[in-house]
Amino acid sequence: MNKMHSALRELAEMDELAVRVSPIHALHPAAKLIATVAYILVTLSFDKYDLSGLVPMLLWPILLFALSGIQVRSCFYKLRIVLPLVMAVGLFNPFLDRTIILRMGTLTVSGGVISMLTLMLKGVYCLMASFLLMATTPIDNLCAALRQLHVPKMLVTLLLLTYRYIGVMTGELAVMTDAYHLRAPGQKGIHISAWGSFLGQLLLRSMDRAQELYASMLLRGYHQHFHYADIKPFRGRDALYLLGCLLFFFLLRSVRLAQLLGGLLVR
Amino acid sequence: MIEFQKVSFGYEKNRPVLRDLSFRIERGEAVGLIGANGAGKSTVMKLLLGLLWGEGRILVDGLEVRRDTLPEIRRKLGFVLQNSDDQMFMPTVYEDMIFAPLNYMLSREEAEARVDAVLERLGLQDLKHRYNHKISGGEKRMAAIATILAMEPEAILMDEPSSALDPYNRRVVIRTIRELSQTKLISSHDLDMILDTCQRVILLSDGHIAADGPAEQLLRDRALLEANRLELPLSLMGRSQRSY
Ligand SMILES: Nc1ncnc2c1ncn2[C@@H]1O[C@H](COP(=O)(O)OP(=O)(O)O)[C@@H](O)[C@H]1O
Ligand SMILES: [Mg+2]
């Protein structure tokens, strides 16, 4: 089967993950959204050599995976196309930054290697956090939450359409690659000479379809209010979750769990 | 219920798609809008829904189609898109069906009752909690029709409702259309389907109305149809008479 078809199916399956039942799924989308944004900001704020500070940040996603029943495997499987890109970001650091910062016997570790690892971890953490948000919150509920947080209507509609547009675009891409390969048997990928017209066509076709899709929303009364999203009011446990998360991030950022544990062992 | 008064429209300058189009559809009528590919059938529907803007006046239930009247007008009209994949954008059939009623400020209980009533009427209860990307083309077309019926529109517009369906699903869709009591405007070049569902036919050709009259009469007029790149419905011609 065409790779695009399976990518499309997987994307649709995000919706299926998002309607499951778990303590995390039941939380108010605004609480999850703010916690996720805070997590990403805290993760990005670590120093580029602070590998030991960054490692314990993994605890939060692990906790969420456990509580939501979402499989770690499914996360990495769905992200397999973007993960390598994120990992590649730091790949040149070892060559650029050769200052030695760690010496263990004859083994030396340069600053470049450490900063490469922290960059990779930051990328993976942020992806995991975003994945967990999308996998536990239907997109329409997320949009409703954004509106409650007074994010401008236009931006929210744009987010919603982009999300749906990705589906439409992968669908068109699947059809087009099928059509291409039927006329270029035995060829792997798409020949570079055809890329320009291919991309142009893809854009035009998916824009046409996205327009139809938006029309279909408008014709059924979509007016940038999310009455149709089924979100419950913000309750005590949502506030508790959010406060708990923020406190947890604050501790991880300031108390240096790793150093604390390390200190205990050495003493 | 629906009235076009000298409506003209072109996607590009100097290339009119519709020229001075005028017609009137009464409440409760079932009208087939026929014409070859590119005759302008979809364009007529999009103008009516305020998705495109042309010259001339378009009235729905006495109300002129303008930007300020659009919400009220769109509420009266249910549009079944040609491609059901574009019509259904929520994860499940149920969520798609309840989308419009909730947008129109019904309570969740009322909306849900309405969805259930429509599903039961069409015999589609099994589809309710299915995922849109996991149902067949025929099921999806029926789900799209159900989605529109859940809006309780006064008139239903359908763009090529029988396209890309196998014979069985085509029959199911035709039967469903026949049972709808609303005003209907159905575009198609499937003239057999039009003959089965409409009493009146408007034949579009080159941006104007080439003929307008009773379906039984117009769809028998071989010369007229062939002059407009259409063919007699199969049910009205013997197999041997077919010429290629
Ligand atoms: N988005 C568009 N831009 C330019 N021309 C268009 C567009 N959509 C349709 N057309 C042209 O307008 C004419 C009528 O199209 P349409 O209403 O879709 O016909 P039908 O539905 O009867 O097949 C055709 O000649 C078509 O090429
Ligand atoms: Mg058309």
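Using a 1.4 Å probe on the protein chains only, how many percent of the accessible area of chain A belongs to carbon and sulfur? Write down the numbers at each step before the final one.
Numbers: 10600 of 14790 Å².
C and S atoms contribute 72 percent here.
Roughly how much accessible area, to the nearest 100 Å², goes out of reach of solvent when B and A pair up, both sides summed, probe 1.4 Å?
So the total buried area for this chain pair works out to about 2400 Å².
Viscosity 1.567 mPa s, temperature 4 °C: give me the Stokes-Einstein translational D for the protein assembly as shown in µm²/s, with Rh taken as the Kirkwood radius over C-alpha pairs.
For these conditions, the coefficient is 49 µm²/s.
Report the antiparallel proportion of the DSSP beta bridges in chain B as a percent, rounded to a multiple of 5.
For chain B, the DSSP antiparallel bridge percentage is about 55.
Roughly how many debye, to the nearest 20, is the charge dipole of chain B about its Cα centre, given +1 on each Lys and Arg Cβ, -1 on each Asp and Glu Cβ, and no other charges?
Using only the charged Cβ atoms, the result is roughly 440 debye.
Per 10 Å bin, what is the whole-percent P(r) computed from every C-alpha pair distance within segment A:47-111?
With a bin width of 10 Å, the distribution comes to 15, 32, 32, 18, 2.
Return the residues of segment A:220-236 for which accessible area with all protein chains present is lower than in the chain on its own by 10 Å² or more; set the probe to 1.4 Å and exclude ligands, DNA and RNA.
Relative to the lone chain, where solvent access is computed with a 1.4 Å probe, segment A:220-236 loses at least 10 Å² at A:Arg220, A:Gly221, A:Tyr222, A:His223, A:His227, A:Tyr228, A:Asp230.
Residues of B:99-109, mean number of Cβ from any other protein chain within 10 Å of their own Cβ, rounded to a whole number?
Counting other chains' Cβ atoms within 10 Å and averaging over B:99-109 gives 4.
When a/c reaches 1.5 or more, the comparison of a/b and b/c decides; with that in mind, is segment B:34-154 rounded, prolate or oblate per its Cα gyration tensor? Don't jump to the answer; show the numbers that get you there.
Values: a/c = 2.51, a/b = 1.45, b/c = 1.73.
Oblate, because a/c is 1.5 or more while a/b does not exceed b/c.
What number comes out for the charge environment of A:Glu16, summing +1 per Lys or Arg and -1 per Asp or Glu over other residues with Cβ under 11 Å away? Walk me through the numbers on the way to the answer.
Numbers: positive: A:Arg9, A:Arg20, B:Lys134; negative: A:Glu10, A:Glu13, A:Asp15.
Residues near A:Glu16 contribute 0 overall.
Describe numerically, in nm with one decimal, the distance between label points set 7 Å from Cα along Cα→Cβ at B:Glu64 and at A:Ser45.
About 5.9 nm separates the two model spin labels.
Report, ordered by chain and residue number, the lysines lying within cross-link reach of A:Lys48, taken as a straight Cα distance under 30 Å and ignoring same-chain residues fewer than 8 apart.
A:Lys32, A:Lys78, A:Lys122
What is the distance, in nm, between label points placed 7 Å from the Cα along the Cα-to-Cβ direction at A:Leu85 and at B:Ser181?
Here the modelled spin labels are 5.4 nm apart.
Which residues of segment B:136-158 bury at least 10 Å² of accessible area once all protein chains are present, versus their chain alone (1.4 Å probe)?
B:Thr147, B:Met151
Report, as a whole number in µm² per second, the diffusion coefficient that Stokes-Einstein gives for segment B:95-151 at 25 °C and 0.890 mPa s using the Kirkwood radius over alpha carbon pairs.
Translational diffusion coefficient: 218 µm²/s.
Where nothing but the Cβ of Lys and Arg (+1) and of Asp and Glu (-1) is charged, how large is the charge dipole of segment A:151-228 around its Cα centre, in debye to the nearest 20?
For this selection, approximately 80 debye.
In debye, nearest 20: dipole of chain A around its Cα centre with unit charges on the Cβ of K, R (+) and D, E (-)?
Magnitude of the dipole: close to 420 debye.
Which FRET efficiency value, to the nearest 0.05, is calculated for A:Ala26 and A:Met104 with the Förster distance at 60 angstrom and r the Cβ-Cβ distance? Before the final figure, lay out the partial values.
Details: r = 47 Å, r/R0 = 0.78.
The value I calculate is 0.80.
Just in segment B:9-44: which chymotrypsin sites (Phe, Trp or Tyr not before Pro) are loop by DSSP and have at most 10 other Cβ atoms within 10 Å? Can you show the working numbers first?
Numbers: sites: B:Phe9, B:Tyr11, B:Phe23; in loops: B:Tyr11.
Qualifying residues, ordered by number: B:Tyr11.
What does the net charge come to around A:Val42 if you take all other residues with beta carbon closer than 11 Å to its beta carbon, with K and R at +1 and D and E at -1? Don't jump to the answer; show the numbers that get you there.
Details: positive: A:Lys122, A:Arg253; negative: none.
Net charge around A:Val42: +2.
Ignoring ligands, DNA and RNA, what accessible area per residue does chain A give at 1.4 Å, in Å²? It would help to have the intermediate numbers written out before the result.
Numbers: 14790 Å² over 267 residues.
Using a 1.4 Å probe on heavy atoms only, each residue of chain A averages 55 Å².
Please compute the net charge surrounding B:Tyr131, taking Lys and Arg as +1 and Asp and Glu as -1 over other residues with Cβ under 14 Å from its Cβ.
Value of the local net charge: -3.
Enter the mean number of other protein chain beta carbons within 10 Å of the beta carbon of each residue in B:81-89, as an integer.
Average per residue, whole number: 5.
Cα-based count: Lys pairs in chain B below 19 Å, eight or more positions apart or different chains?
8
The values are calculated or read from the model by the stated rules, or taken from the named source; none is laboratory data. No experiment lies behind these values; they were computed from the predicted model shown. Cβ: placed from backbone, ideal geometry, glycine included. Neighbour counts: every protein chain shown. The protein model used for the area step is the full one, side chains on, heavy atoms only, and it has no ligands, DNA or RNA in it. Shrake-Rupley method; radii C 1.70, N 1.55, O 1.52, S 1.80 Å.
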